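Colleague: Got a structure for you, questions after.
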Amino acid sequence: MGVLRIGIAGLGTVGGGLLKLAYGQGPLASTVKVMGVSARTRGRTREVDISTIAWFDDPVALAKSPDIDVFVELMGGSEGSAKAAVEAALSAGKHVVTANKALLAEHGAALAALAAANGAEIRYEAAVAGGIPVIKALREGLAANHILAVSGVLNGTCNYILTEMDHTGRSFGEVLADAQRLGYAEADPTLDVSGADAGHKLAILSAIAFGGAPNFKALRLEGIQAIEPIDLESAKFLGRRVKLLAKAARVGDQVIQSVRPTLLAQDHPIARVNGPLNAVVIDADPVGRLSLVGAGAGAGPTASAVAGDLIDLSHEDSRPVFSGPGQANQLTAATGGLLANSKFYVRLRVPDRAGTIAKITDTLAKHLVSIESFLQKPPEDAARVPIVLTTQPMAEQDLLDALAELSRLDVLVEAPVLMPLED
Ligand SMILES: NC(=O)c1ccc[n+]([C@@H]2O[C@H](COP(=O)([O-])OP(=O)(O)OC[C@H]3O[C@@H](n4cnc5c(N)ncnc54)[C@H](OP(=O)(O)O)[C@@H]3O)[C@@H](O)[C@H]2O)c1
């Protein structure tokens, strides 16, 4: 295709990083020519001088401009301007490069159909795990593999918070407040701490690994808000680490997708990935286990991924939007995401009352919960005794039934915290 004529909508963290590469000394500068830009505030100072580049108040107008071959969407959001502009670009037969995981996770199927109908492509390496080239690894490097599972730490904010809680013993709320002051967490952290952001990324990875289009609604989502220092301490005592694990795994002819706090074995490749880093582990046949670790966010790493997609497009390398090893044998996405056979960690708080422990063990036995370890911690006060236990491998539904019965028996002073164990 030669020099690509591009339009960039969104000149914030990622868009600014991309402008620096487009006007720098590296390979992108000789690959693209920036024909137009769009952002919300025209007068704002940007990473490079944009006064000679055509300005568009409306990103949809830029997306449709006859002067561009590729529309680069770096505004964000699953609806509104980002969606309208991407649709306009694809309808006009222009390729789209985006970092927008929310848009692809929620509207990927419709956008893929629109792209195919118009002979256009969507590239989105930056949408998952920032600078880690995991989309390319799955689509190209592992094209000959049968994927068994893709798991990862896909949200740097959550990983930073859990790491800080682990190292300092401080509560979720205290560490979150600090992270917001330091700029590691958004003023409204809901998308991150609820697991939704990691879920958007997992839905995309799962589509590539197991076929179909992203199915965000089928995901089981659980955030880190309920995790307390006692859980991190107990995990360490058990030789494990708590991570917000995003995982899509083949189970029969279905794929189970979940984002949930998980106790990882200490020698699991993700267990020692700390701070704001991201990691992805792929289990596949015949390659075995692969681990990729790196920066999941930030101007440089994310712009690196966007620029890689642009350079690929300049080579006229064309393939369907969600092509990958999964397409040959598509699995259906299971809803609910309950585990059929896993060990679990459970944290309970019970009143300091005679007979309580017997009630708990009787109820667990009744539901065939086989206990691997059981630790009663010193009372926090007369009304609250923490109990931490791990189970033998079992169906999650049976454990949920047992915990529901314990709640009905009035032996729990708060909702239990439940996490799977993973080796
Ligand atoms: N930040 C990261 O490290 C990272 C990593 C991976 C993926 N991503 C994804 O990359 C995308 C951009 O993220 P970001 O962190 O760069 O965001 P950001 O810093 O908030 O920048 C957003 C940019 O979009 C512009 N914008 C917002 N709404 C607009 C509208 N309606 N019309 C025109 N321009 C509009 C803003 O204009 P003004 O500058 O005038 O306000 C700003 O330049 C998101 O999809 C995000 O999920 C980000």
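Colleague: Tally time: how many residues in the range 156-173 are within 16 Å of the ligand (Cβ to nearest atom) and open to solvent by 10 Å² or more (accessible area, probe 1.4 Å)?
Modeller: Qualifying residue count for the region: 3.
Colleague: In the list Asp285, Asp188, Asp192, which residue meets the criterion of being among the acidic types (Asp, Glu) and touching a Ser or Thr at 6+ places or on another chain (Cβ under 7 Å)?
Modeller: The match here is Asp192.
Colleague: Which ones in the range 68-77 are farther than 18 Å from Gly17 by Cα, open to solvent by 10 Å² or more (accessible area, probe 1.4 Å) and either more than 9 Å from the ligand (Cβ to nearest atom) or in contact with a strand residue (DSSP E or B) (Cβ under 9 Å, 6 or more places away or on another chain) (or both)?
Modeller: Asp69
Colleague: Limited to the range 261-282, what total is found for residues that are within 24 Å of Ala334 (Cβ to Cβ) and either more than 17 Å from the chain's Cα centre (by Cα) or buried (at least 23 other Cβ atoms within 10 Å of the Cβ) (or both)?
Modeller: So the answer is 8.
Colleague: Could you check Gly152 against (1) part of a helix (DSSP H, G or I); (2) surrounded by 20 or more Cβ atoms within 10 Å (Cβ to Cβ); (3) not β-branched (Val, Ile, Thr) and say which number it fails?
Modeller: Here Gly152 clears every test but (1).
Colleague: Looking at (1) near the ligand (Cβ under 9 Å from one of its atoms); (2) surrounded by fewer than 19 Cβ atoms within 10 Å (Cβ to Cβ); (3) closer than 24 Å to Ala22 by Cα, which is the only condition Gly80 fails?
Modeller: That leaves (3) as the condition not met.
Colleague: Tally the residues that are in contact with a Pro (Cβ under 6 Å, 6 or more places away or on another chain) and under 23 Å from Gly223 (Cα atoms), restricting the search to the range 121-158.
Modeller: Total meeting the criteria: 2.
Colleague: Only one of (1) open to solvent by less than 10 Å² (accessible area, probe 1.4 Å); (2) within 11 Å of the ligand (Cβ to nearest atom) is not met by Ile147, so which one is it?
Modeller: With respect to (1) open to solvent by less than 10 Å² (accessible area, probe 1.4 Å); (2) within 11 Å of the ligand (Cβ to nearest atom), Ile147 is out only on (2).
Colleague: Restricting the search to the range 89-131, which residues are open to solvent by less than 10 Å² (accessible area, probe 1.4 Å), within 30 Å of Pro276 (Cα to Cα) and assigned to a helix (DSSP H, G or I)?
Modeller: Across the range 89-131, the qualifying residues are Leu103, Leu104, Ala105, Gly108, Glu125, Ala126, Ala127.
Colleague: Among (1) among the β-branched types (Val, Ile, Thr); (2) touching a Lys or Arg at 6+ places or on another chain (Cβ under 9 Å); (3) crowded, with 17+ Cβ neighbours inside 10 Å, where does Ile230 come up short?
Modeller: Every listed condition holds for Ile230 apart from (3).
Colleague: I'd like to verify a number: residues in the range 194-227 that are among the aliphatic types (A, V, I, L, M) and open to solvent by 10 Å² or more (accessible area, probe 1.4 Å), how many?
Modeller: Result for the range 194-227: 5.
Colleague: Here is a check on your reading of the model: is Ile161 under 26 Å from Phe71 (Cα atoms), in a helix (DSSP H, G or I) and in the same structural domain as Ser258 (by TED's automatic domain parsing)?
Modeller: Criteria not met by Ile161.
Colleague: Exactly one of (1) within 15 Å of the ligand (Cβ to nearest atom); (2) of a type outside the set (D, E, K, R); (3) crowded, with 18+ Cβ neighbours inside 10 Å; (4) over 25 Å from Gly130 (Cβ atoms) is unmet by Ala9. Its number?
Modeller: So Ala9 meets the others, but not (4).
Colleague: Based on this model, can you work out whether Arg250 counts as under 16 Å from Asn159 (Cα atoms) and not polar (S, T, N, Q)?
Modeller: no
Colleague: A further question on this structure: Out of the residues in the range 23-38 meeting the condition of being at pLDDT 95 or above and either β-branched (Val, Ile, Thr) or in contact with a helix residue (DSSP H, G or I) (Cβ under 7 Å, 6 or more places away or on another chain) (or both), tell me which one is nearest to Leu310 (Cα to Cα). Steps first, please.
Modeller: So the first thing to find is which residues in the range 23-38 are at pLDDT 95 or above, and the list is 23, 32-38.
Within this subset, residues satisfying the condition of being either β-branched (Val, Ile, Thr) or in contact with a helix residue (DSSP H, G or I) (Cβ under 7 Å, 6 or more places away or on another chain) (or both) are 23, 32, 34, 36-38.
Working: Tyr23: 14, Val32: 8, Val34: 12, Gly36: 16, Val37: 16, Ser38: 18 Å.
Residue satisfying both the conditions and the ranking: Val32.
Colleague: Looking only at the range 285-294, filter to residues that are open to solvent by 40 Å² or more (accessible area, probe 1.4 Å) and assigned to a strand (DSSP E or B); which one of those is farthest from the ligand (Cβ to nearest atom)? Working first, answer last.
Modeller: Going residue by residue through the range 285-294, those that are open to solvent by 40 Å² or more (accessible area, probe 1.4 Å) are 285-287, 289-293.
Applying the additional criterion that residues be assigned to a strand (DSSP E or B) yields 285, 289-293.
Numbers: Asp285: 30, Arg289: 25, Leu290: 21, Ser291: 20, Leu292: 15, Val293: 16 Å.
It comes out as Asp285.
The values are calculated or read from the model by the stated rules, or taken from the named source; none is laboratory data. Everything quoted here is computed from the prediction, not taken from an experiment. Glycine also receives a Cβ, built like all others from the backbone with ideal geometry; neighbour counts cover every protein chain displayed. Quick note on the areas: whole protein, heavy atoms, side chains included, nothing else; ligands and nucleic acids left out. Shrake-Rupley method; radii C 1.70, N 1.55, O 1.52, S 1.80 Å.
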